[in-house]
Structure formats: structure tokens, C-alpha cells
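J.: One structure, pasted below without further comment.
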Amino acid sequence: MEGISRLFRLAADHAAAFRRSLPDRPVGTPIDPGVLAEAFGGPLASSPTPPEQVLADLVRSAEPGLVANAGPRYFGFVVGGALPAATAADMLAAGWDQIGHNAVTSPAAIAAEAAAGSWLKELLGIPASASVGFVTGCQAANTVGLAAARHQVLAEAGWDVERRGLLGAPPIRVIGGDERHATIDRSLRLLGLGTDVVEPVPAGPNGAIDLGALRDVLRAGSAGPTIVCLQAGNVNTGACDQLREACELVHRHGGWAHVDGAFGLWAAASPATRHLVDGVELADSWACDGHKWLNLPYDSAFAFCSRPDVHGAAMSYAAAYLVGSGGAPVGSDLTAESSRRARGFAAWAGLRELGRDGVAALVDRCCALAGRFADGLTSAGFEVVNEVVLNQVLVGFGDDAHTDRVVAAVQADGTCWVGGTTWRGRRLMRISVSNATTTEADVDRSVAAITRLAA
Ligand SMILES: *Cc1c(COP(=O)(O)O)cnc(C)c1O
């Protein structure tokens, strides 16, 4: 047993050394994939390899292909860091090897989920009576939320979709904003609804759903089973749909309102941004990420449902050998997985590490830093095309080809990492400030690098 302590300490030391190197190492070093393929490849050995040797080989092979996305100058996609206590808790989840299925497979995992779930609802403005499933990412959370929606709108039409499926079911209307996240469409595919079903609603100037257009689309069709996909945090602009008015419209029509709030739902956690998600409590289901703005380690997200009975009816299953199932839905009754990583430990630890004020400060700081990016790049003569309401900044550098060249040059330079996107037919640089360790100096250094490379 001496061996396992040494091994785990070595792994922790490697992880810590990597994390300490993040502020200074190049962000996103270009590497020939062949080098990694060779390092990891070769035939499977027929005989065992000592664990310490395996670990040393892994570290040596992976090192050149690791991305510094947990570092302070990674502004690609919407990527948070990984808070220290949350990361350590996640290491324990692996070390303890707990099965987050239910209170029989791991009472501790379920208790951590229950506590973290209550705190999350309080922070996000979601009713305390809602249920929470701890899932892998917002993709999975959207699927679970929409499965609950599918269950309920069909149940109201007298159809048991879990038993009878969709063949012969009453048609479901699905309404979604033009600028919804692409994972909504994949969730609809997985749920057997397909993507053609979506009745698109145009977006307003900054990418939030146009309420008048939503009203028109709702009125134009039948009053049968209806699901409306709303959004808090447009993945390009950060814009949030007007949830209060939108949910009221949907409910007047008898529909189910699902909110994809992967990162934008965190606006609720700060008094300074809470107004952006006013009315969030009125929705029927919510999807939110932990590994984005909350800075939990990958992977982590939450699927909330206003009706625990509906949530459980859509997702749970029973089996004769499964002790501990059949009561109020917990753990895997609320997700699409059966055996499951105990993600509640990292969520609980991250929330304790920050506290309520720490979460609010994290949201405020990222928004202020996004504003600093926008000001700096505007002063340098570049065009910020979105209204920076949260942590997302879109920048144009003249024509599309030049913008793509600037994005590529910034990625190759390594001072910081930004992505590219197409929004409203234009190629743009996309900056997302979501990391708890990013400072004003990091933003200033990045603005200087972008300015130098764009010249
Ligand atoms: C990132 C994102 C998703 C998908 O989340 P994953 O964690 O990658 O599964 C869904 N919706 C929005 C708005 C997002 O920003």
C-alpha cells in the first residue's frame, strides 16, 4: 500500500506543476499530431507495466499536447478554469471511486449533490422545489430538460411517451430562437423530434429572442403540445432572452419553457447582472454548466426541472436488482446515465470555496474584464460589434479574410487564445472571459498582443 500513496502523490505533483506553469506557459502551442500519435501509440504490451512507469510515460507523452485552457489567458469557446478545492475534490471522487447512482451506491455522493443542488438553485434564482440532475455538460442538461418537456406536453395530451414512444404520438411543436445553441438541435435529434420540427424565431439586435416574433409564432400554430427553447447567454454575444415576458407568453399558450443557460444563467448570481435574467424562476426546465463560468473541472453541468415528478418520470428506470430505487427521484433518476461519476463532490467544493459573495465577484470580474477587452480593442481602432452585456466580446478586424488571419496569428503567438466565429454573416474574433484567475494585467497583455499581431 506504500506504492499507491507514492503513485497518487506523484500524479498530484504533476497536476500541480502543470497548474503552476499556466500563467507563464504559451497558451495553445501548435504541435504536429503525429508526434502525439507516436508518443501514445505502438502495440499494446502483452505484459503488465509498473504503475509508476505508466504514469511517467503518460506525463511525458501528453505534455506537448496539453492545452492551457485552465489558465488566465485562454479566451476560447466559453471555458472556465478549475478552482483548486473543486479540482482536489474531483481527484478524491476518482480516488474514492464512488458510484453516483443513488444513496445505496454512494450515500456521500448523493448527499453532496443534494447540498450543492440547493446552493445552485439559490444562486441561479431557480425555485427551491426544483429537482437537479448532475450531468456531464450543458448538452446533456439540454437533453434531460427537453426529455422532461417532451414527457409533460405529451402527458397533457393523454400520451405516455416513455411507454409508447413517438410513433403515432400527437405532434409536438418546438419553437426556438434563431440564435439558439447547436446542442439544442442535437438534443432534439436524440429525443426523436428531429431538427426540422423547430419553428425558428428571429433574434433582436444583440442576439436575444424577439418577443413580438415569439408571440407571432406561438399564435400562428396550433395550441397542442408545445415546447419553447429559450436562452440565457447567446454563445456569441452573451445576450439573454427576456425570460419573464417569454415564459409568460409560453405559459399563456399552454407550453413548456426550457432555458439553455449554459453560462448566462450565472448572471443571476450577482446583484449587478441579475436583471438580465429577470423572471428566470418562471421557466419549467433549466440547463446550466458547472465547467464554464463556475470554474468547476471538466465535466460538470446541471439539469433542473420545476417538477421533480416529471423529471423522474422522463429519466428514471427501475430494475429488480437495483436496491434503493423507486422512491423520490435522486442521482441517476435525474440523468441519462446509470452508473455515474460522483460529480457532486467537485460542485460542493467549488461552491464552498467561493461562497455566495465569491460567485458574485467572479461574475462581476469577468464582465468587467470583458468590458476592458472591448475598451482596449476599440481604442486600438478595432470594431467591437456586440453590445457587451456579459463576458462575451465579438471583434472585427476589417474584412473576413483579415479577421481570420488575425485570429490565426493570435493562436500561433501563444500570448493568449481566442476563437473565431461567424455571426450575422461576418467572420469575427470571439473572446470569452470566464476564468476565475484572469486579471486586468492578463487582459492588457492580450490586448497588446492582438493589437501587435493585427498590424
Ligand atoms: C457551451 C454551451 C452549451 C453546451 O455545453 P457543453 O458543456 O459543451 O455540453 C449549450 N448551450 C450554450 C448556450 C452553451 O454556451
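J.: List the pairs whose first member sits in the stretch 277-290 and is aromatic (Phe, Trp, Tyr), whose second member is buried (at least 24 other Cβ atoms within 10 Å of the Cβ) and not in a loop (DSSP other than H, G, I, E, B), and whose Cβ atoms are under 6 Å apart, counting only residues at least 6 apart or on separate chains?
T.: Once the first residue is aromatic (Phe, Trp, Tyr) and sits in the stretch 277-290, its partners that are buried (at least 24 other Cβ atoms within 10 Å of the Cβ) and not in a loop (DSSP other than H, G, I, E, B) give TRP286/VAL259; TRP286/PHE304.
J.: Exactly one condition in (1) within 16 Å of the ligand (Cβ to nearest atom); (2) open to solvent by less than 10 Å² (accessible area, probe 1.4 Å) is not met by ALA269; state its number.
T.: The number of the failed condition is (1).
J.: Go through the stretch 289-303 and give me each residue that's out of contact with any Cys (no Cβ under 7 Å at 6 or more places or on another chain) and either within 19 Å of ALA342 (Cβ to Cβ) or away from the ligand (no atom under 13 Å from the Cβ) (or both).
T.: Of everything in the stretch 289-303, those that are out of contact with any Cys (no Cβ under 7 Å at 6 or more places or on another chain) and either within 19 Å of ALA342 (Cβ to Cβ) or away from the ligand (no atom under 13 Å from the Cβ) (or both) turn out to be GLY290, HIS291, LEU294, ASN295, LEU296, PRO297, TYR298, ASP299, SER300, ALA303.
J.: Could I ask something else about it? Within the stretch 105-112, is even one residue touching a residue at least 12 places away in the same chain (Cβ under 8 Å) and in contact with an Asp or Glu (Cβ under 7 Å, 6 or more places away or on another chain)?
T.: no
J.: Further, regarding this structure: Would it be correct to say that PRO127 is closer than 23 Å to ASP241 by Cβ, open to solvent by 10 Å² or more (accessible area, probe 1.4 Å) and more than 16 Å from the ligand (Cβ to nearest atom)? So that I can check it myself, show each step before the final result.
T.: Working: closer than 23 Å to ASP241 by Cβ: yes; open to solvent by 10 Å² or more (accessible area, probe 1.4 Å): yes; more than 16 Å from the ligand (Cβ to nearest atom): yes.
So PRO127 fits the description; yes.
J.: Another one. Looking only at residues that are within 11 Å of the ligand (Cβ to nearest atom) and farther than 23 Å from LEU276 by Cα in the stretch 138-148, which one is surrounded by the most Cβ atoms within 10 Å (Cβ to Cβ)?
T.: THR143
J.: For residues that are within 11 Å of the ligand (Cβ to nearest atom) and assigned to a helix (DSSP H, G or I), tally how many sit in the stretch 237-251.
T.: 0
J.: Another question about this same structure. Report the residue count in the stretch 167-225 for those that are in a helix (DSSP H, G or I), closer than 17 Å to ALA246 by Cα and open to solvent by 70 Å² or more (accessible area, probe 1.4 Å). Explain how you work it out, then say what you get.
T.: Step one: filter the stretch 167-225 for residues in a helix (DSSP H, G or I), giving 182-190, 211-220.
With closer than 17 Å to ALA246 by Cα added as a condition, the list becomes 211-220.
Then drop every residue that is not open to solvent by 70 Å² or more (accessible area, probe 1.4 Å), which leaves 215-216, 219-220.
So the answer is 4.
J.: Also, I was wondering about something else. Tell me, which residue of the stretch 1-23 that is outside any helix (DSSP H, G or I) and modelled with pLDDT under 95 is least open to solvent (accessible area, probe 1.4 Å)? Break it down into steps so the answer makes sense when it comes.
T.: Within the stretch 1-23, the first condition is being outside any helix (DSSP H, G or I), and the residues that meet it are 1, 22-23.
When the remaining residues are screened for being modelled with pLDDT under 95, the result is 1, 23.
On the way: MET1: 182, PRO23: 56 Å².
My answer is PRO23.
J.: Would you be able to say whether some residue in the stretch 300-319 is in contact with a Ser or Thr (Cβ under 6 Å, 6 or more places away or on another chain), at negative phi, open to solvent by less than 10 Å² (accessible area, probe 1.4 Å) and of a type in the set (A, V, I, L, M, F, W, C)? Quick ask: steps written out before the conclusion?
T.: Going through the stretch 300-319, the residues in contact with a Ser or Thr (Cβ under 6 Å, 6 or more places away or on another chain) turn out to be 305, 308, 311, 318.
Those still in the list that are at negative phi too: 305, 308, 311, 318.
Pick out the ones that are also open to solvent by less than 10 Å² (accessible area, probe 1.4 Å) and you get 305, 311.
This time we only want the ones that are of a type in the set (A, V, I, L, M, F, W, C), so: 305.
Within the stretch 300-319, one or more residues are in contact with a Ser or Thr (Cβ under 6 Å, 6 or more places away or on another chain), at negative phi, open to solvent by less than 10 Å² (accessible area, probe 1.4 Å) and of a type in the set (A, V, I, L, M, F, W, C).
J.: Would you call ALA336 open to solvent by 60 Å² or more (accessible area, probe 1.4 Å) and in contact (Cβ under 8 Å) with a residue 24 or more places away in the chain?
T.: Numbers: open to solvent by 60 Å² or more (accessible area, probe 1.4 Å): yes; in contact (Cβ under 8 Å) with a residue 24 or more places away in the chain: yes.
So ALA336 fits the description; yes.
J.: Scan the stretch 418-455 for residues that are under 24 Å from the mean Cα position of the chain (by Cα) and within 17 Å of GLY376 (Cβ to Cβ) and jot them down.
T.: First, pick out the residues of the stretch 418-455 that are under 24 Å from the mean Cα position of the chain (by Cα): 418-424, 427-439, 442-443.
Within the stretch 418-455, VAL418, LEU428, MET429, ARG430, ILE431, SER432, VAL433, THR438, THR439, ASP442, VAL443 meet the criteria.
J.: Please name all residue pairs, on different chains or six or more residues apart, with Cβ atoms under 8 Å, provided the first residue is in the stretch 244-272 and is on the phi > 0 side of the Ramachandran plot and the second residue is at pLDDT below 95.
T.: Correct list of pairs: GLY254/ALA223.
J.: Right, something else. Which of the residues that make up the stretch 414-437 are touching a Leu at 6+ places or on another chain (Cβ under 6 Å) and either closer than 15 Å to GLY71 by Cα or open to solvent by 40 Å² or more (accessible area, probe 1.4 Å) (or both)?
T.: VAL433, ALA436
J.: Report the residue count in the stretch 360-381 for those that are open to solvent by 40 Å² or more (accessible area, probe 1.4 Å) and among the aromatic types (Phe, Trp, Tyr).
T.: Residues in the stretch 360-381 being open to solvent by 40 Å² or more (accessible area, probe 1.4 Å) and among the aromatic types (Phe, Trp, Tyr): 0 in total.
For every residue, the table says whether it meets (1) within 15 Å of the ligand (Cβ to nearest atom); (2) under 22 Å from ALA336 (Cα atoms).
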residue	(1), (2)
LEU167	no, yes
HIS181	yes, yes
ARG186	yes, yes
LEU193	no, yes
PRO202	no, no
ASP210	no, no
VAL235	yes, no
HIS253	no, no
ALA257	no, yes
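J.: Also, quick follow-up: Please work out if HIS258 is at pLDDT 95 or above and open to solvent by less than 10 Å² (accessible area, probe 1.4 Å). Show your work before the answer.
T.: Numbers: at pLDDT 95 or above: yes; open to solvent by less than 10 Å² (accessible area, probe 1.4 Å): yes.
So HIS258 fits the description; yes.
Results for (1) open to solvent by less than 20 Å² (accessible area, probe 1.4 Å); (2) under 24 Å from the mean Cα position of the chain (by Cα), shown as yes or no for each residue.
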| position | (1), (2) |
| --- | --- |
| VAL228 | yes, yes |
| VAL235 | no, yes |
| VAL250 | yes, no |
| ALA262 | yes, yes |
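J.: With the structure loaded, tell me whether ALA62 is open to solvent by less than 50 Å² (accessible area, probe 1.4 Å) and under 27 Å from SER446 (Cβ atoms) or whether it fails that test.
T.: Yes.
J.: Would you pick out the residues in the stretch 24-51 that are open to solvent by less than 70 Å² (accessible area, probe 1.4 Å) and in a helix (DSSP H, G or I)?
T.: GLY34, LEU36, ALA37, ALA39
The values are calculated or read from the model by the stated rules, or taken from the named source; none is laboratory data. No experiment lies behind these values; they were computed from the predicted model shown. With ideal geometry, Cβ positions are generated from the backbone for all residues, glycine too; neighbour counts draw on all protein chains shown. Surface accessibility is based on the protein's heavy atoms, side chains included, excluding ligands, DNA and RNA. Shrake-Rupley method; radii C 1.70, N 1.55, O 1.52, S 1.80 Å.
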